[in-house]
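The values are calculated or read from the model by the stated rules, or taken from the named source; none is laboratory data. Just so we're clear, the structure is a prediction, and the values are computed from it rather than from any experiment. A quick note on method: Cβ atoms are made from the backbone with ideal geometry, for glycine too, and the neighbour counts reach across all protein chains shown. Side chains are part of the model used for accessible areas, which takes the heavy atoms of the whole protein and leaves out ligands, DNA and RNA. Shrake-Rupley method; radii C 1.70, N 1.55, O 1.52, S 1.80 Å.
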Amino acid sequence: MDWLEVSLITDGEGAEAVSEVLRPFAYQESVVIEQLGDESSLDPMAMLEAVTVKIYIPEDEDTPELRRRIQEIIYYMGRLYPLPEPQFKRLAEQDWANAWKAHYHPFRIGNHIWIRPSWIAPEEAPEVATDDIVLVLDPGMAFGTGLHPTTQSCLIALEKLAQPGMRVLDAGTGSGILAIASAKLGVADVAAFDTDDLAVKATQANADVNGVAPRLNIWQGQLDSVPDHTAHPQWDLVLVNILAPIIIRLLNENDLLGYVAPTGRIVLSGIIDEQGASIEEALNNAGGHVVEVIQSGDWVTYIASPNPVAPGDSPTP
């Protein structure tokens with residue numbers, strides 16, 4: 001079977017909006033967002049401005065009417081925010097399965113984390129230091145590859161926060177990249193869930209490849225499926241790398257902060273800069289406060305406490 005690739009190059013702010021309007025057209029509502037690091041910069045957080053949004057549509061759903069509808073949506077969005085026309089490309093089955101791999105190479109995140117695609121042999125990858133950890137990933141089309149700045153910011157936050165003996169909850173695990181990194185950083189207990197069965201399977205496969213599957217509890221479900229929440233709200237670190245509106249709903253309606261131990265931390269990511277004020281408001285209303293902000297281009301990641309702000313506290317930029 002052939003596939004239709006629909007792609008559009010924009011910036012971080014545009015990518016968030018475009019991905020949401022294209023998601024209903026995509027195969028299994030899966031959107032690929034690619035943003036590459038700036039290799040000309042020594043800053044490990046430096047990213048190129050361009051962000052590519054891609055979706056894939058089975059050939060039997062590729063019609064002139066569908067293409068016209070997508071073009072119209074992007075056209076009207078472009079009247080509010082500058083956007084180029086979407087590009088359409090037919091791909092054979094094999095090309096579709098590998099289309100996203102072209103720009104995915106071993107790369108470092110933070111000080112001690114390397115990501116290596118599973119199809120690249122260790123001897124072909126850059127040499128790593130003895131105190132580095134290597135995440136071997138074959139995430140598939142739909143789930144986190146580490147290319148997106150929100151995932152990279154989460155890994156940097158995780159590198160700062162993870163300690164032996166901690167209990168970590170990864171809410172909306174995707175490829176499992178954060179859960180696997182937690183295990184490799186030495187935490188004692190890692191739980192990971194996602195609403196998408198394909199994400200759960202991808203996480204399990206990646207955990208197997210990385211040799212940490214016995215240390216991960218992985219399942220399909222929503223936040224309320226986390227076991228023993230009411231009796232034991234003792235997760236030392238909760239990782240939430242999803243969309244800002246969902247984070248706000250979880251804070252307002254689903255007691256997200258109640259899953260965090262009193263002395264623990266929660267990492268909130270997947271947030272465009274302009275959405276930050278709404279996230280902070282929801283966090284404060286839920287009884288927590290921002291401890292640190294990690295900025296990467298147009299994206300922000302919050303490290304937060306489940307407790308109200310203490311006198312003299314202020315977020316670290």
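Put a dot 7 Å past the Cα of LEU91, heading toward its Cβ, do the same for GLN295, and the two dots end up 3.4 nm apart.
Taking the average, over residues, of other Cβ atoms within 10 Å as the packing measure, peptides 124-130, 157-163 rank 157-163, 124-130 from highest down.
With a cut-off of 13 Å on the backbone N, the residues of the stretch 177-208 near the modelled label site 7 Å out from GLN234 along Cα-Cβ are 189.
With one equal scatterer per alpha carbon and no solvent term, the Debye-computed log10 I(q)/I(0) for the stretch 191-257 at 0.16, 0.23 1/Å reads -0.63, -1.15.
Surface exposure of the stretch 144-250, expressed per residue as accessible area with a 1.4 Å probe, stands at 36 Å². Taking every pair of alpha-carbon atoms in the stretch 235-317, what share in percent sits in each 10 Å bin, from 0 to the bin with the longest distance? Bin by bin from 0 Å, the calculated values are 20, 59, 21, 0. Taking the protein heavy atoms of the stretch 171-297 in the context of the full set of protein chains, the accessible area attributed to carbon and sulfur is 47 percent at 1.4 Å.
Based on Cα contacts under 8 Å between residues 6+ apart, the stretch 170-238 shows a relative contact order of 35 percent.
Extension gain for MET1 to GLU59 (0.36 nm times residue separation, less C-alpha to C-alpha distance): 20.2 nm.
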